[in-house]
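Below is one structure, written out as structure tokens; comments come after it.
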Amino acid sequence: MKKEEVPQDPSVLDKFTKEVCYAVDEKGEYTTTLSRGWQVKADALGITWQDVEARVEEARQQIKNGARSPIAYFMEVNMMDLAMVSAYTGFWQWTIKRHLKPDVFKNLSDKKLQKYADAFQISLQELKNF
Amino acid sequence: MKIPFEHIQSAHCENGVTTNLLRHAGITQINEPLAFGIGAGIFYIHLPFLKINNGPAVSFRTMPGQIFSRTCHALGVRVSRQKFSSKEKAQAALDACLAANQPVGCQVGVYYLTYFPVEYRFHFNAHNLVVYGKEGDQYLISDPVMETVTTLSSADLQRVRFTQGALAPKGQLYYPKQVAAVSDECIAKAIAKGIKHAAWFMTETPVPILGVNGIKYTARKIKRWRDELGYRRAGAYLAQFVRMQEEIGTGGAGFRFVYAAFLQQAHAYVHKDELPEISKQFTAIGDAWRASSVQASGIYKGRWTEQKDFDTMGDMLLEIAEMEKKAFKNLLKIKW
């Protein structure tokens with residue numbers, strides 16, 4: 001990539017930083033230059049977030065229909081899988097799978113719910129009154 | 001307390017941390033391309049059974065920590081590296097280092113990193129930064145992918161040092177200790193070692209998911225994605241692939257350019273006349289990776305939706321694999 005070809009597209013980085021890019025100058029020597037961003041990357045990031053939002057929406061619907069407990073929603077919002085929730089809460093994965101059932105969730109003690117609330121960085125009330 | 005520390009921005013976090021820590025220790029010849037090349041950071045792997053953020057798991061970088069370890073080892077620098085089971089001990093060890101005027105490299109998770117844009121915060125646990133001081137409750141942070149230095153409160157730093165999930169950092173700290181002066185011959189030797197290691201790894205490992213073979217593996221997979229997953233998911237997979245390929249902290253094309261820069265600089269130390277030519281090959285490879293990203297973006301933006309577009313994408317990667325194979329074989333042929 002030549003120095004003048006380094007993309008300078010507006011991106012979410014604008015308010016935070018610029019990226020260092022290695023590129024070739026007129027003499028064929030490598031040099032560094034700063035880039036604002038690249039549309040191709042910004043689009044890829046956008047698609048990934050759309051994907052996350054779709055999964056969050058799906059979880060919201062499932063909870064509405066009584067198919068899953070609010071834990072499912074916060075898992076999707078935080079992009080956590082079972083292994084990660086297990087690592088943060090200390091519960092076994094199969095225990096978490098049980099807690100994802102609304103009937104089981106209903107009867108969970110505050111102490112257990114607090115572990116989930118801590119993992120998702122929300123208050124106990126937010127988790128209970130979804 | 002604030003340790004005088006020079007913050008140099010870099011393209012990749014671990015290169016930057018390695019460079020800045022070694023420069024602080026008095027090895028002034030080192031810069032990002034040299035650290036990346038000596039540490040043999042160039043890499044490719046496609047993990048077939050693993051999913052990251054519900055997409056394919058590919059990596060263009062070596063295991064976290066290896067660039068630092070290999071570079072230090074090759075330069076004869078002893079390294080101190082610690083992991084912790086308790087958060088309190090982790091903080092005490094950090095404070096002790098700072099009190100001894102030693103800036104410290106930390107492996108952290110990105111998801112809770114407060115100074116990053118929200119859009120970039122995924123569960124990625126192999127980010128690196130340097131802590132170079134503490135004022136009140138604020139730790140002074142030199143994050144090499146940021147333009148300027150920044151700060152984190154002790155609670156925030158604690159959280160990112162103990163994120164969970166794949167590659168959990170476990171409060172990991174590392175820094176060079178016992179640094180002797182490094183001569184140019186020593187650097188030349190380290191360069192030869194780094195080149196041999198990377199070239200061997202990319203072409204000679206008989207594993208279908210590693211190195212050049214791994215790129216071919218991905219290429220063949222991509223051609224099947226549309227049938228197996230449907231157009232929409234296949235597009236999302238490609239978007240994920242491009243993020244791995246171009247994003248901050250990873251960057252496949254970016255790494256090829258850094259490697260090309262490394263070979264150019266290496267020429268000044270080892271005087272092998274093949275190097276400038278091979279450096280140009282890597283520039284061409286980097287450009288080819290970027291062209292493949294543009295092709296992929298056409299697909300995930302919905303402009304191209306046919307099977308032949310996926311085939312084109314796969315063929316581009318196959319061609320890149322061939323180009324890389326040739327370039328690395330050329331490196332292997334050099335007589336040291």
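Laboratory data are not the source of any read-out in this text; all were calculated from the coordinates shown. The model shown is predicted, which means the values in this text are computed figures rather than measured ones. Heads up, the Cβs are rebuilt from the backbone with ideal geometry, glycines too, and the neighbour counts pull from every protein chain shown.
Points worth noting:
- Loop-resident GluC sites (Glu not before Pro) (DSSP state other than H, G, I, E or B) in the stretch B:232-332 with no more than 12 further Cβ atoms inside 10 Å of their Cβ: B:Glu306.
- Alpha-carbon spread of the protein assembly as shown, three principal axes, descending order, Å: 72, 61, 41
- Between the stretch B:48-98 and the stretch B:100-157, the Cα center-to-center distance that results, in Å: 14 Å
- Between the helical axis of B:275-300 and the longest alpha-carbon principal axis of chain B there is an angle of about 70 degrees.
- Estimated FRET transfer efficiency when R0 is 25 angstrom, pair B:Arg81-A:Leu124 (beta carbons, to 0.05): 0.05
- Positive end of the dipole of chain B (Cβ unit charges, origin at the Cα centre): among B:Leu75, B:His267, B:Gly254, the Cα lying farthest that way belongs to B:Leu75.
- Rounded to 10°, Cα long-axis angle of helix B:211-246 versus longest principal axis of chain B: 70 degrees
- Exposed-site-free run, longest, chain A (rule: GluC sites (Glu not before Pro); DSSP loop; at most 13 other C-beta within 10 Å): A:30-130
- With the simple spin-label model, which puts each label point 7 Å out from Cα in the Cβ direction, the A:Asp110 to B:Lys177 separation comes to 4.8 nm.
- Helix axis angle, B:307-333 relative to chain B longest principal axis, alpha carbon, degrees: 60 degrees
- When DSSP beta bridges are restricted to pairs lying wholly in the protein assembly as shown, around 95% turn out antiparallel.
- In sequence order, the stretch B:88-103 has phi-based couplings of 5, 5, 4, 5, 4, 5, 4, 4, 5, 4, 5, 5, 8, 6, 10, x Hz under the Karplus curve 6.51 cos²θ - 1.76 cosθ + 1.60, θ = phi - 60°, and Gly or Pro positions carry x.
- Measuring against 28 Å, Cα to Cα, the residue pairs B:Lys177/B:Lys280; A:Lys18/B:Lys134; A:Lys15/B:Lys170; A:Lys18/B:Lys216; A:Lys64/A:Lys115; A:Lys2/B:Lys272 contain B:Lys177/B:Lys280; A:Lys15/B:Lys170; A:Lys18/B:Lys216 as the ones spanning a longer distance.
- Each stretch of four or more DSSP H residues adds -39500 (n - 2.57); spread over every residue of the protein assembly as shown, this sum gives -17500 deg cm²/dmol at 222 nm.
- Applying the Karplus relation 6.51 cos²θ - 1.76 cosθ + 1.60 with θ = phi - 60° to the stretch B:126-142 yields 3J(HN,Hα) values of 10, 8, 10, 8, 10, 9, 10, x, 8, 10, x, 8, 9, 7, 8, 10, 10 Hz, where x marks Gly and Pro.
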